[in-house]
Ligand SMILES: [Fe+2]
Ligand SMILES: [Fe+2]
């Protein structure tokens, strides 16, 4: 029995392709959210998700934004221009597919109960990062009784055991924030969990970004996005993410 766990693809089809070619076939796959925004390969990414056909997909904050663009209306203009272009060019049935993504909760896979959450918490509750308090992890799930809680959103690959529960972040497929150009994910094989990484060629991602015309009005932003991908610091080398790179996290 093999179960693939992926999260935070962010419109990076090259990264997802590398995982699929290394790990499939699988019996099940679980996707923890943030499929398309704000990456340049949204349609290619959705095609790969369709191919993988996850047993369960959880709604991420950036999936909500596709369905409710008013959520990003107050962002800086370059981000709004990028997101609007991506949404405008989506295949017609994509929003409907994203709308099917599930809410956080207890799910059953082959008779085993697992708790799934995108990982986004209210600001005051903090981020579920390796240095977070136990209370932050307990905000994801404290009462399901599931031995495994999978979550994403913070883009750092790690796990933390509190009492009887282990909280596992498989890391980010398409937008790592730990200084390595690689796709991160997890696999459960015969009941054991393994955190894995695979490297990939970013060329097609870079070409896709170059083809987004509105970004020509924001050349510095475009260069910053490219540098972010190539350096493995997704949305910039800012705290609180860099400390985890230095500590060896993927
Ligand atoms: Fe994300
Ligand atoms: Fe997220």
Report the Cα centroid-to-centroid distance between the stretch 168-225 and the stretch 41-75 in angstrom, as an integer.
15
So what are the stretch 94-241's ellipsoid semi-axes, whole angstrom, largest first, if each one is the square root of 5 times an eigenvalue of the alpha-carbon gyration tensor?
31, 17, 16
Take peptides 73-85, 102-114 and line them up by average Cβ neighbours within 10 Å, highest first, as a rough protection proxy.
73-85, 102-114
Suppose R0 equals 41 Å. What FRET efficiency, 1/(1 + (r/R0)^6) with r the Cβ-Cβ distance, do residue 27 and residue 68 give to the nearest 0.05?
0.75
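Sort 14, 64, 88 by Cβ crowding within 10 Å, fewest neighbours at the top.
Ascending Cβ contact count within 10 Å gives the list 88, 64, 14.
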Give me log10 I(q)/I(0) at q = 0.08, 0.09, 0.14 Å⁻¹ for the chain, Debye formula, one equal scatterer per alpha-carbon, no solvent.
-0.28, -0.35, -0.90
Degrees between helix 42-52 axis and first principal axis of the chain (Cα, 0 to 90, nearest 10):
30
Kirkwood Rh and Cα-based Rg: tell me the resulting Rg over Rh for the stretch 1-79, rounded to two decimals.
1.02
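Packing-wise, with mean Cβ within 10 Å as the measure, how do 221-228, 155-162 rank, highest first?
Descending mean neighbour count gives 155-162, 221-228.
We did not get these values from a lab; they are worked out from the coordinates using the rules stated. Remember, predicted model here, so these are calculated numbers, not experimental data. Positions of Cβ are generated from backbone atoms using ideal geometry, with glycine treated the same way; all protein chains shown enter the neighbour counts.
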